[in-house]
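Data block below; observations after.
What follows is calculated from the coordinates using simple rules that are stated; it is not laboratory data. Just so we're clear, the structure is a prediction, and the values are computed from it rather than from any experiment. Using ideal geometry, Cβ is built from the backbone for each residue, glycine included, and neighbour counts are taken over all protein chains shown.
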Amino acid sequence: MIESIGIKKVINLNLKNGSEDFVTPMHIYGDQYPCGDFWISIPDSTKGKHKILLTIKALLKLDMTIKSISKEERKDKKLKELRQKIDELLNESKSSDESAIC
């Protein structure tokens, strides 16, 4: 997400993740992840991630929607996707069976 916003825009905001800098030019903290040529310190909680994205959105005046989804919503979405794949496979199987009969 940060890469799509632009890491150089975000680093200029000088944001903090607790007491740590959110973006640093080198790996300083153990819980940092690479992002382009920089390192970001991602909050542990979903609430913290949501908050920092809302802050970035507001400060950079970005036109984007940020929505947190619950574990149940993720499970429901994954289940729906799996059901669709099963239906597609069943339909493909029926089509190939019918063509084999003809």
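Decide, for the range 2-60, between rounded, prolate and oblate: order the square roots of the alpha carbon gyration tensor eigenvalues as a ≥ b ≥ c, take rounded if a/c falls under 1.5, and otherwise choose prolate if a/b is larger than b/c, else oblate.
Verdict is oblate for the range 2-60.
Counting other C-beta atoms within 10 Å, which of Ile40, Ile5, Ile11 has the fewest, and how do the rest follow?
Lowest to highest Cβ neighbour count: Ile5, Ile11, Ile40.
Please compute the contact order of the range 2-60 in relative form: average sequence separation of alpha-carbon pairs under 8 Å and at least six residues apart, divided by the residue count, as a percent.
Relative contact order of the range 2-60: 28 percent.
With mean projected area of the Cα convex hull in nm² defined as stated, name the option among (1) 12.7; (2) 15.7; (3) 10.0 computed from the structure displayed.
(3)
Rounded to the nearest 500, what is the chain's calculated 222 nm mean residue ellipticity when only DSSP H runs of at least 4 contribute -39500 (n - 2.57) each, over all residues?
-17500 deg cm²/dmol
Over 32 Å between Cα atoms, which of Lys49/Lys75; Lys57/Lys77; Lys47/Lys77; Lys8/Lys75; Lys51/Lys75 qualify? All intermediate terms of the calculation are to be shown ahead of the outcome.
Values: Lys49/Lys75 20 Å; Lys57/Lys77 26 Å; Lys47/Lys77 21 Å; Lys8/Lys75 35 Å; Lys51/Lys75 23 Å.
Table pairs above 32 Å Cα-Cα are Lys8/Lys75.
Show the residues, 5+ positions off or on another chain, whose built amide H is closer than 5 Å to the amide H of Cys35.
Distant-sequence amide H within range of Cys35: Ile40.
Starting from the Cα of Lys85, draw a straight line to each of the aspartates and glutamates and keep only those under 16 Å, dropping any in the same chain fewer than 8 residues away.
Filter leaves Asp76.
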